[in-house]
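Below is one structure, written out as structure tokens, with a few remarks after it.
The values are calculated or read from the model by the stated rules, or taken from the named source; none is laboratory data. Given the structure is predicted, the values throughout are model-derived calculations rather than measurements. So basically every Cβ, Gly included, is an ideal-geometry build from the backbone, and we count neighbours across all protein chains shown.
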Amino acid sequence: MEESGRTRGIEGLNALPEDEAAARLLVVCGSKNWVKGMLARRPFAGVDALMKAAEEVWFGLSREDWLEAFSHHPRIGERNLSQAKFAATAAQSSREQSGMAGASEAVREEFAVKNAEYEKRFGHVFLICATGKTGAEMLDSLRARLQNGGDVELGNASVEQSKIVRIRLGKMVEQ
């Protein structure tokens, strides 16, 4: 059922005991209510059903649930991933944000400043599906999203979280 930390196939996820499935899902998304919603929908008929459920549960959650999930993401470019809340997702986040590793020092410095500005303005970490993006691309998105109002930006971050969940779920059940 498991190989190198992955659940093999949708059948593997469906067969996990509830507490183990909950732990795996919490790595995908840090919202406890999202995890509960996903557990309630098991068994999944296939990967498409899993992805559909993930999106439906996610977009049915409250603002507080979204903020809880966001709080489980380290800042992009964060080097100290040893904090307890990042323990389960540190390796995953590091891979997802690998585009920042090749960024110039100027991009890193501006990103750190804009990250702080973003968090002060919106009250949560800047969230972007960083997979495949360069540091400069992420910085451009951060600059643009700093121009948004609070409700618009909460919506943007929730859409980005949904993309991250989709990628993580796919990796979890890939065969």
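For this structure, a couple of remarks:
- Inspection of region 7-19 finds a residue satisfying the criterion of being farther than 23 Å from A157 by Cα, touching a Phe, Trp or Tyr at 6+ places or on another chain (Cβ under 8 Å) and polar (S, T, N, Q).
- Test: R168 is under 11 Å from the mean Cα position of the chain (by Cα), in a helix (DSSP H, G or I) and modelled with pLDDT under 95: yes
- Checked against (1) at pLDDT 95 or above; (2) under 30 Å from I10 (Cα atoms), E96 meets all criteria but (1).
- Odd one out for E160, checked against (1) surrounded by fewer than 17 Cβ atoms within 10 Å (Cβ to Cβ); (2) at pLDDT 95 or above; (3) closer than 21 Å to E56 by Cα: (1)
- Candidates in region 15-34 are the residues that are part of a helix (DSSP H, G or I) and aliphatic (A, V, I, L, M); of these, the one that is modelled with the lowest pLDDT is V27.
- Residue list for region 140-175, restricted to those being farther than 16 Å from D65 by Cα and hydroxyl-bearing (S, T, Y): S141
- All positions within region 115-140 that are crowded, with 18+ Cβ neighbours inside 10 Å and part of a helix (DSSP H, G or I): N115, Y118, F122, G135, M138, L139
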